[in-house]
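Structure first, commentary second.
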Ligand SMILES: Cc1cc2nc3c(=O)[nH]c(=O)nc-3n(C[C@H](O)[C@H](O)[C@H](O)COP(=O)(O)OP(=O)(O)OC[C@H]3O[C@@H](n4cnc5c(N)ncnc54)[C@H](O)[C@@H]3O)c2cc1C
């Protein structure tokens, strides 16, 4: 074949192929078609191999690296519609990423829509409603809402995306008083597999409205949410780091104390193996510690202080601050890492936290063990988290008494060990398991069936029926997909 003949051939792009995801193999795409896509969206379009592709799809949890065939940096709902329609026409599955805090597996060979350019936030203080576009992180919404003495139901880190977090339920520091973040969604604007931009509310598209609030990214690409805000400007909150040697005393005190708390208090406790990083204060650096997190969202801060008091003397305190904080300072409760890191995680629900549960947890995950788990965390649930909102939704795991999450380094050297140890901890706690899992804490899953099992059987049927109807070809099959 001569050079001229070669040039006469249509130009084809190389599609990145991952060995472990052969099912996501994409067909070769003519470059002219990619140019068509470029001219039909406002944001940038990258094809596999283009400079800028890696940065466009970079994750926060760097344990997963995405290698899509095409990435579209959406700037608006119309870009999302164009990208979805183009993907369907080219037989590509569609993935979405806002912040990269929750990748599940490489979206290899997909068309990935990145939403971080969609930064619109508008607050209607009279109706206490925020409208947020798909790329907005929690800190931006918290800051905008705080201007009016309002807050959204942020989780442990305000660096997480509002949309991904809320679609997965969203368990945060105001949760026991106000429920899941998803319980406060009043409208979902979503592009479905047919390329339509739908607005789902309690009145229009009620089944989609039910499913999207908890069903995560399974039904389409959400371009914006409307969210009811709560009238909270400040809280009494923070965290206390106890010495790891006192883990048994602190955890046993926690299990007796936590169920006595009113709904105004959300709390959690975690065994954390701190890395030996210079950035960490000396009392914590390289230490295994027990971190108690506390958030009282009532108005009487003296009451908040009094309710916490029984925990103060349960162990030797290495470091800690609990006091009045603004809602924009809620990150100080959990003190999650901010910089990207490789993480492996998996969660389950507990129906109770008895003395035996705590002893078992300590035996398999306690500070005395040299195991590669960065964190073993127990969050108190109950209160408003256990109640359906006025318009019921598909949030999974509502009836757990506690959430348990294990997290370890997601690095190739420990690719076998960390999941084995993490699953071992969860396995040992199975006698106290409650049905279901919080979708946001599903972590490592074996496949769609395990994802679906997060929900009770009737909700599974409803979700599957809707998915079959609006995404019959299963084009939204990344993330925690069923
Ligand atoms: C440090 C840290 C702290 C966390 N704390 C909490 C917590 O306290 N409570 C809690 O409930 N969860 C928590 N999470 C889990 C977090 O809520 C999920 O990982 C969530 O999916 C992150 O969403 P994202 O958009 O930021 O991440 P991304 O990785 O960008 O997206 C993850 C998934 O969200 C879905 N998604 C994102 N955008 C869209 C969209 N526009 N349309 C449809 N689907 C979309 C998709 O399924 C996507 O695969 C935490 C995670 C981290 C890393």
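Any read-out appearing in this document is the output of simple, stated calculations on the displayed coordinates, not a laboratory observation. Predicted model only: the values in this text are computed from it and were never measured. Glycine also receives a Cβ, built like all others from the backbone with ideal geometry; neighbour counts cover every protein chain displayed.
Axis angle, to the nearest 10 degrees, between helix 77-89 and the longest C-alpha principal axis of the chain: 60 degrees. Cβ-to-Cβ counts within 10 Å put 334, 480, 90 in ascending order as 90, 334, 480, the fewest first. When you restrict to C-alpha pairs under 8 Å that are six or more residues apart and normalise by the size of the chain, the relative contact order lands at 16 percent. Over segment 147-271, Cα pairs under 8 Å with separation of 6+ residues give a relative contact order of 29 percent. Each stretch of four or more DSSP H residues adds -39500 (n - 2.57); spread over every residue of the chain, this sum gives -7500 deg cm²/dmol at 222 nm. Using only the alpha-carbon atoms, how far is helix 355-365 inclined from the longest principal axis of the chain? Give it as 0 to 90 degrees, nearest 10. So the helix axis and the longest Cα principal axis differ by about 50 degrees. Of the two radii for segment 434-482, the radius of gyration is 0.96 times the Kirkwood radius, both from the alpha carbons; that is the Rg over Rh value.
Let me make sure I get this right: for segment 136-188, a, b and c are the square roots of the gyration tensor eigenvalues over alpha carbons, sorted descending. Under 1.5 in a/c it's rounded, otherwise prolate if a/b > b/c, else oblate. Which is it? Cα axes put segment 136-188 in the rounded bin. Between the C-alpha center of segment 153-190 and that of segment 27-61 there is a gap of 30 Å.
Taking a ≥ b ≥ c as the square roots of the eigenvalues of the Cα gyration tensor of segment 29-185, is the shape rounded (a/c under 1.5), prolate (a/b larger than b/c) or oblate? It is prolate, given that a/c is not under 1.5 and a/b is the larger ratio.
The overall shape of segment 224-354, judged from the alpha-carbon gyration tensor, is rounded, with an a/c ratio under 1.5. For segment 267-413, the orientation-averaged shadow of the C-alpha convex hull comes to 11.3 nm² (one quarter of the hull surface). Computed from Cα atoms, the angle from the helix 457-470 axis to the main principal axis of the chain rounds to 20 degrees. Put in line by how crowded their Cβ is, counting other Cβ atoms within 10 Å and starting with the fewest, 411, 325 read 411, 325. The length gained by stretching the chain between residue 355 and residue 312 to full extension, at 0.36 nm per residue less their Cα-Cα distance, is 13.5 nm.
The orientation-averaged projected area of the convex hull spanned by the Cα atoms of the chain comes to 23.2 nm². Shown is the FRET efficiency for residue 458 and residue 201, computed with R0 = 22 Å from the Cβ-Cβ distance and rounded to the nearest 0.05: 0.45.
For the pair segment 359-405 / segment 426-482, the C-alpha centres are spaced 17 Å from each other.
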